[in-house]
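First the structure, in the form of structure tokens, and then the observations on it.
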Amino acid sequence: MDGRNPCGSGGTLHFETAPLKIVRAEKQFMTDNFGIQYLDCVSNVAHVGHCHPHVVAAGKNQMATLVSAQGFMNDALTKYVKQLVNKLPDILSICYLVNSGSEANDLALRLARAYTNRKDVVVFDDAYHGNLGNLIDISPKMFKQMPQGKKEFVHVIPCPDTYRGLYREDDLRAAEKYVKEAERIIHQASRSNRKIACFVSESIVVNCGVIVPPRNYFRLLYNLIHEIGGVCIADEVQTGLGRTGEYFWAFEHYGVIPDIVCIGKPLGNGHPMGAVITTREIADSLGEYYSTFGGNPVACAIGMAVLDVIENEKLVQSAKAVGKTLLENLQQLKLNHRIIGDVRGFGLCIGVEIVEHKTSRKPATALAQTIIYKLKEEHHILVQVQGPSRNVISITPPMCFTQTNARSLFNALDAVLTSLAHSNTEGVIDIASNVLVPHPRSVLSMEDLENMSEELEEPEAKKARTSYDDID
């Protein structure tokens with residue numbers, strides 16, 4: 001082995017230069033093959049917590065009873081769809097179950113095009129919506145790196161980033177101005193005889209750096225899209241099922257109702273699931289649709305268990321309370337450290353923008369990398385970076401994340417930033433030059449990990465707890 005990721009040349013690992021080999025997980029904690037336990041602030045896939053006993057039992061029991069593809073009557077399917085659709089506005093009444101967020105976004109695109117009889121799509125700059133071919137075409141984050149570049153049916157509008165974008169946080173008309181920019185681009189398309197089928201966006205734009213659009217932005221832009229005969233698709237793959245606190249869906253923070261809602265990874269708590277919910281009118285335009293394993297009995301049993309846990313453990317309310325505390329503490333941290341340029345988000349979907357200096361707002365990519373490695377190595381806390389410059393630390397932990405966990409993260413980040421401000425030793429970045437120097441020697445390569453794992457036996461696993469009863 002040469003230490004490179006064996007999962008294909010395009011695959012990536014968290015902490016690429018010192019990857020973790022995770023062998024088990026429980027609640028908001030992950031344990032590696034050396035028995036080191038990490039506080040997980042990354043895994044929004046494990047929505048209600050890693051290996052939640054209720055979810056595990058539901059999947060296990062159903063798998064022991066019946067596993068089948070579509071084509072047979074299935075009470076679990078009807079029950080689950082009803083339970084999921086009841087979480088959405090009444091007009092969104094038709095649900096398709098699929099196997100991933102990418103498949104959901106692909107089907108949403110197909111629905112929009114069938115309904116409008118148009119092809120063109122409006123997306124945010126640097127957006128990402130999945131890894132299927134149709135979705136790569138509408139994901140600037142991806143097609144910018146590819147030889148074919150942007151296709152003529154894709155229209156890229158500025159991401160409404162009020163920290164780094166065209167219009168900033170001190171502009172009271174930022175929302176209107178960003179929508180004007182979108183209107184200008186859409187009108188250019190119209191003059192070229194391009195008609196818009198849909199606008200696709202995350203409600204909080206996680207992949208662009210956890211961007212929180214101005215409050216009335218989506219209302220104005222949705223109105224514009226509807227006026228020209230298009231439909232609006234909300235990509236809730238990363239933000240749905242209560243992650244943003246207070247509401248079950250992130251789009252609700254903006255007082256809008258999308259025409260199509262797409263959901264992915266949170267639905268199955270690690271089991272491959274996705275869903276598309278839309279109106280009867282839009283659904284009727286599609287014709288026949290079939291997914292071999294979408295809505296299979298095991299997926300439905302797991303999906304119902306996830307919704308039960310969210311309700312029974314009051315995880316939406318918890319995300320609001322814990323997120324409020326974390327956001328307030330991080331805002332205080334911003335005042336104390338000049339390399340934190342911005343803190344933003346809702347609930348348990350938060351971004352911390354790392355910059356060379358508050359005044360310049362220049363992204364500090366290498367510095368952000370150093371911070372996440374030091375959090376991992378010194379404090380056993382896992383976070384990741386997002387955004388075009390990879391300088392925004394994103395915090396999207398399992399929903400069972402507690403007030404105690406939030407304090408641990410805050411204190412650890414404070415300690416790391418303080419050490420960086422006062423030290424320039426091995427493993428620390430030179431803040432003035434934003435040059436990354438080698439990480440601490442405790443950071444191991446893939447080859448080191450493989451060699452050591454052959455010599456060391458995995459520590460005995462802790463017994464799984466039977467409930468998640470310590471939500472703050």
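The values are calculated or read from the model by the stated rules, or taken from the named source; none is laboratory data. Keep in mind it's a predicted model, so treat the numbers as computed, not measured. Positions of Cβ are generated from backbone atoms using ideal geometry, with glycine treated the same way; all protein chains shown enter the neighbour counts. Accessible surface is based on the protein model in full, side chains and every heavy atom, while ligands, DNA and RNA are left aside. Shrake-Rupley method; radii C 1.70, N 1.55, O 1.52, S 1.80 Å.
Check 195, 180 and return the single one that is open to solvent by 40 Å² or more (accessible area, probe 1.4 Å), in contact with a Gly (Cβ under 9 Å, 6 or more places away or on another chain) and either among the aliphatic types (A, V, I, L, M) or more than 17 Å from residue 139 (Cα to Cα) (or both). Show your work before the answer.
Details: 180 fails: in contact with a Gly (Cβ under 9 Å, 6 or more places away or on another chain).
Result of the check over 195, 180: 195.
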Query raised in the report: Given (1) over 30 Å from residue 313 (Cβ atoms); (2) open to solvent by 10 Å² or more (accessible area, probe 1.4 Å); (3) not in a loop (DSSP other than H, G, I, E, B), where does residue 225 come up short, assuming only one miss?
Result: (2)
Query raised in the report: Filtering segment 186-219 down to residues that are in a helix (DSSP H, G or I) and in contact (Cβ under 8 Å) with a residue 40 or more places away in the chain, which residue is nearest to residue 125 (Cα to Cα)?
Result: 208
Report task. Using the structure shown, decide if residue 330 is out of contact with any Asp or Glu (no Cβ under 8 Å at 6 or more places or on another chain), buried (at least 19 other Cβ atoms within 10 Å of the Cβ) and more than 21 Å from residue 264 (Cα to Cα). Result -> yes
Query - Filtered residue count, segment 352-392, keeping only those that are of a type in the set (Lys, Arg) and crowded, with 19+ Cβ neighbours inside 10 Å - result: 2
Report task. Being open to solvent by 10 Å² or more (accessible area, probe 1.4 Å) and modelled with pLDDT under 95 is the filter; apply it to segment 274-295 and report the residue that is nearest to residue 111 (Cα to Cα). Result -> 286
Query raised in the report: In segment 347-361, what residues are over 16 Å from residue 160 (Cα atoms) and not in a loop (DSSP other than H, G, I, E, B)?
Result: 349, 350, 352, 354, 355
Report summary line: Restricted to segment 334-351 and to residues being out of contact with any His (no Cβ under 7 Å at 6 or more places or on another chain) and among the charged types (D, E, K, R), the residue surrounded by the fewest Cβ atoms within 10 Å (Cβ to Cβ) is 334
Query raised in the report: Is there a residue in segment 143-150 that is open to solvent by 10 Å² or more (accessible area, probe 1.4 Å), small (Gly, Ala, Ser) and farther than 27 Å from residue 98 by Cα?
Result: yes
Report task. Assess whether residue 84 counts as being open to solvent by 40 Å² or more (accessible area, probe 1.4 Å), touching a Cys at 6+ places or on another chain (Cβ under 8 Å) and either modelled with pLDDT of 95 or more or in a helix (DSSP H, G or I) (or both). Result -> no
**Report entry** segment 93-115, residues that are surrounded by fewer than 20 Cβ atoms within 10 Å (Cβ to Cβ) and either in a helix (DSSP H, G or I) or among the hydrophobic types (A, V, I, L, M, F, W, C) (or both)
**Finding:** 94, 110, 114
Report task. Output the number of the condition that residue 415 fails; it satisfies all remaining conditions of (1) at pLDDT below 95; (2) assigned to a helix (DSSP H, G or I); (3) surrounded by fewer than 17 Cβ atoms within 10 Å (Cβ to Cβ). Result -> (1)
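Of 321, 299, which residue is in contact with a Pro (Cβ under 9 Å, 6 or more places away or on another chain) and either small (Gly, Ala, Ser) or outside any helix (DSSP H, G or I) (or both)? Explain how you work it out, then say what you get.
Values: 321 fails: in contact with a Pro (Cβ under 9 Å, 6 or more places away or on another chain).
Only one candidate passes the filter, namely 299.
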Query raised in the report: Which residues, counting only those in segment 131-153, are in contact with a helix residue (DSSP H, G or I) (Cβ under 9 Å, 6 or more places away or on another chain) and without any contact (Cβ under 8 Å) to a residue 24 or more places away in the chain?
Result: 133, 136, 137, 139, 142, 143, 146, 148, 149, 150, 151
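Tell me whether segment 284-295 contains one or more residues that are of a type in the set (Asp, Glu) and in contact (Cβ under 8 Å) with a residue 40 or more places away in the chain.
Taking segment 284-295 and keeping what is of a type in the set (Asp, Glu), we get 284, 288.
Adding the requirement that they be in contact (Cβ under 8 Å) with a residue 40 or more places away in the chain leaves none.
Taking every residue of segment 284-295 in turn, none turns out to be of a type in the set (Asp, Glu) and in contact (Cβ under 8 Å) with a residue 40 or more places away in the chain.
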Report task. Name the residue, out of 263, 225, that is in contact (Cβ under 8 Å) with a residue 12 or more places away in the chain and more than 15 Å from the chain's Cα centre (by Cα). Result -> 225
